[in-house]
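The structure under discussion appears below in the form of C-alpha cells.
What follows draws every value from the coordinates through simple rules; no lab data is involved. Since the structure is predicted, the reported quantities are computational estimates derived from the model, not experimental observations. Glycine also receives a Cβ, built like all others from the backbone with ideal geometry; neighbour counts cover every protein chain displayed.
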Amino acid sequence: MTLFNKPIDYEAFLHVVDDTWEIVPLPIFAMAIMPNHWHFVVRPEDDSQVSEFFKRLSSTHSMRWHAHYETTGSGHLYQIVSRFDG
C-alpha cells in the first residue's frame, strides 16, 4: 500500500517524527522514507525506547493519515507480515 502519495504526505510524516521525538527522544542516525514504507537507523539509550518510539510514531501517523484521507475505521495502515522459511 502506498503511504505517501504526494509531497505533503512526506511532510506530515516528518511532523509526526518530530512530535514523537519530542516525547521519546530516541537517537536517530538516519532514515529513509519511500512511497510504501520507511527505515530508521537508531541507537536506543534504554530497552523501552525503540518500542515506545515506533509504537507512538506508527499509531499517530496511522490516525492522522486516516483522518486526512477520510478512511477512519476502514482498516490497518501498517500491518506486520511474517514469513517463516521451512
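Summary table below
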read-out	value
For Phe53, net neighbour charge (Lys/Arg +1, Asp/Glu -1) across residues whose Cβ lies under 13 Å away	-4
Computed lengthening from Thr2 to Ala67, 0.36 nm per intervening residue step minus Cα-Cα distance	21.8 nm
Debye intensity ratio in log₁₀ form over the Cα atoms of segment 7-68, taken at each q of 0.13, 0.22, 0.23, 0.28 Å⁻¹	-0.33, -0.93, -1.01, -1.39
Local electrostatic count, His15, Cβ distance below 14 Å [Lys/Arg +1, Asp/Glu -1]	-3
